[in-house]
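The values are calculated or read from the model by the stated rules, or taken from the named source; none is laboratory data. For clarity, every value in this text was computed on a predicted model and none was experimentally measured. So basically every Cβ, Gly included, is an ideal-geometry build from the backbone, and we count neighbours across all protein chains shown.
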Amino acid sequence: MPKSNTPSYIKSLLAPNPKAQQGRRVWSIDLETVWLPFFTATNTTGDTAIPPDALGCPIRLAYDKDGSVKFSNAGRPVTRVAKPLADSVTLVRQNFVANLQRYAGQVAQQMKEEYGQQIKLAHSAGQPLIQHDKTELDRAIQLQLEEAMRQAQEESQEEEKEEAKAEEKELVPAG
């Protein structure tokens with residue numbers, strides 16, 4: 001493998017982090033332990049200007065168009081993340097995606113041969129899995145088709161029996 005010039009921020013994305021996350025998530029990231037401290041820090045440094053009420057009360061009741069509190073089908077009140085906070089998370093997500101794409105593009109440009117080899121390796125390694133899944137899917141579809149045909153045949157036989165019984169009743173003389 002070639003010597004890595006990978007930036008530390010990319011390496012940190014790939015390192016395992018055993019800390020379990022719980023609570024409300026925004027973009028699959030914990031609101032209380034990640035987003036709120038992060039945006040409090042960015043407000044502190046002046047990089048963002050998220051209103052204090054959004055950080056102080058990040059989870060809000062959702063309201064219907066008529067202004068009434070919104071409830072789920074299960075009867076629970078629906079909550080939403082405060083709009084300024086949700087908008088800031090969206091911006092971070094968009095920038096995150098752009099940085100990942102830029103990094104991948106830089107590596108592909110600077111290490112064309114190695115990058116191409118990785119693509120070929122991944123393609124070759126994936127082919128048996130793709131073929132296996134295709135075979136299993138074809139088999140599952142065939143089994144479903146056979147089961148549907150069997151059920152249709154049983155229903156048809158039942159209908160024929162019902163019709164035969166109805167005809168017998170019609171042919172029996174009243175006596």
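Anything in region 3-53 that is closer than 13 Å to Val81 by Cα and charged (D, E, K, R)? List them, or say none. Once the filter is applied, which keeps residues that are closer than 13 Å to Val81 by Cα and charged (D, E, K, R), region 3-53 yields Arg24, Arg25, Asp30, Glu32, Asp53. The single condition from (1) exposed (fewer than 14 other Cβ atoms within 10 Å of the Cβ); (2) within 23 Å of Ile10 (Cβ to Cβ); (3) of a type in the set (A, V, I, L, M) that Val92 fails is (1). Exactly one residue among Asp66, Asp47 is without any contact (Cβ under 8 Å) to a residue 60 or more places away in the chain and either under 30 Å from Gln106 (Cβ atoms) or outside the structural domain of Leu91 (by TED's automatic domain parsing) (or both), and that residue is Asp47. Restricted to helices (runs of 4 or more DSSP H) entirely inside region 1-107, those with at least 3 residues that are at pLDDT below 95 are 8-14. Within region 68-87, does at least one residue satisfy the condition of being over 30 Å from Ile29 (Cβ atoms), among the charged types (D, E, K, R) and surrounded by fewer than 10 Cβ atoms within 10 Å (Cβ to Cβ)? Scanning region 68-87 turns up no residue that is over 30 Å from Ile29 (Cβ atoms), among the charged types (D, E, K, R) and surrounded by fewer than 10 Cβ atoms within 10 Å (Cβ to Cβ). Flag: Arg93 matches the condition of being in contact (Cβ under 8 Å) with a residue 40 or more places away in the chain and of a type in the set (D, E, K, R).
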